[in-house]
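Here the structure is laid out as structure tokens; the discussion comes afterwards.
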Amino acid sequence: MQKKRPNEDFSIFDEVLDKTPEHEKIFVSRSLEIANQIIIVLEQKALLQKELADKLEKQESEISRWLSGFHNFTIKSIAKLEAVLGERIITTPNQARTELSNRIEALVDDHIKTAIERIRSERNRPESRVPTQTASKTVTTNIVTPRSCKVVNIHDFKKANINNPDSHLRPTGT
Amino acid sequence: MVATIWSISKLNYAKVAYYTVEVEGRGRTEFFDFQTRMKNVPEYLSQLGSINQFIKEIGEKHGAHELHFKHERRSEALPPPYFIQPEDGPSKYGLRLYCVRLSPSIVVLLNGDLKTHDYPDQCPNCARHFALANKISRKIDEAIKERRLRLDGKNIEAETNDDYDLFL
């Protein structure tokens, strides 16, 4: 025979929350956010709780209390944490906006710089200055690069000094 | 004595699903008992609210990361049950709720009370809740090892309905 689920009204859970002062709920929320941020950084850096405790010269049990979600962090403790972890743990909305704005600006600058450099390097390429010529109908191309000394169409060239990297090949009949 | 695992449908959040147990003959589930008893003591209301907020925040946003939960230091092979306990409270130790964290997505909420002694098994308020939490934790662990219970995301799956019964 299937057991009957107990008939319990868990709206009692929300009733308790409704009676809880807002600042106390916000305290738990912020404490957990900070604790979670520390956990994320520990995981990213593959650091154990014990190692963090050693770096901060604290007992592991104290770190454990910090991460449980009810700890009242002081700014000093957070400053020490950030110094040891090398990562920001908390930020303000204004700071987050400023940082985001700076990052976007830097990204746009980077893109513009890259585009300008690409245009410049395309203009400066030697082969881009070699005029297009068709000395004979068998020359299919006269793109020459100093280093490679490629012979594009061997029948139209009297000599190809491919062993001399500094030689330049020119089509005949020019 | 048999304890049956039940899901708490009202506490099924995006990241965590909460369960509780009903011990045969008690008439109500352990977590419901905890909420009802603690709510009736005005001095405990603030801490109870903090515990509930913790449950909600973990459920909605963070998941049940092991580091968010505290547990006693014991020498047994199995870790002792976890507990949730705010720092400030009417006693040196505070209101304590025992639970069994099975995964980042599944937590079984049990019972608790105001802790008044260093060692939970010597605290007149918490001793029986601590003892039950230890038994439940062991029995669930056995059931999982024997594949009578399976964890699938936020669900505790069982071969048959009877497998949700733990024989304590």
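A short reminder: the numbers here are calculations on the coordinates, not readings from a lab. Just so you know, these numbers come straight off a predicted model, no measurement behind them. Note that we place each Cβ from the backbone using ideal geometry, even for glycine, and neighbour counts take in every protein chain shown.
Report the trypsin sites (Lys or Arg not before Pro) located in the range B:1-73 that are in a DSSP loop and have at most 10 other Cβ atoms inside 10 Å of their Cβ, or state none. Filter output for the range B:1-73: B:R73. Of all segments of chain B bounded by GluC sites (Glu not before Pro) found in a DSSP loop with no more than 16 other C-beta atoms within 10 Å, the longest spans B:88-145.
For the residue pairs A:K45/A:K80; A:K55/B:K15; A:K25/A:K55; A:K19/A:K50, the alpha carbons lie more than 28 Å apart in A:K55/B:K15; A:K25/A:K55; A:K19/A:K50. No disulfide-compatible partner, judged by a Cβ distance under 4.7 Å, exists for the following cysteines of chain B: B:C99. Per-residue Cβ neighbour counts within 10 Å put B:H117, B:H129, B:H62 in the sequence B:H117, B:H62, B:H129, beginning with the fewest.
Would you please name the GluC sites (Glu not before Pro) within the range A:1-95 that are DSSP coil residues with at most 15 other C-beta atoms within 10 Å of their C-beta? Let's see the in-between values first.
Values: sites: A:E8, A:E15, A:E22, A:E24, A:E33, A:E43, A:E51, A:E57, A:E60, A:E62, A:E82, A:E87; in loops: A:E8, A:E57, A:E87.
Listed in order of number, the matching sites are A:E57, A:E87.
Do any chymotrypsin sites (Phe, Trp or Tyr not before Pro) in the range B:117-168 lie in a loop, going by DSSP, with at most 14 other beta-carbon atoms within 10 Å of their beta carbon, and if so which? Sites meeting the loop and neighbour criteria: none at all.
Over the range A:43-129, what is the relative contact order in percent, taking alpha-carbon pairs closer than 8 angstrom and at least six residues apart?
On the way: 21 pairs, mean separation 12.2, N = 87.
Relative contact order here is 14 percent.
Please find the FRET efficiency linking A:R118 to A:R5, where r is the Cβ-Cβ separation and R0 is fixed at 56 Å, and quote it to the nearest 0.05. That gives a FRET efficiency of 0.25.
Considered as an equivalent ellipsoid built on the Cα gyration tensor, the range A:9-96 has semi-axes of 28, 16, 12 Å, the largest given first. In this simple spin-label model, placing a label point 7 Å from the Cα along the Cα-to-Cβ direction at both B:S103 and B:E157 gives a separation of 0.9 nm.
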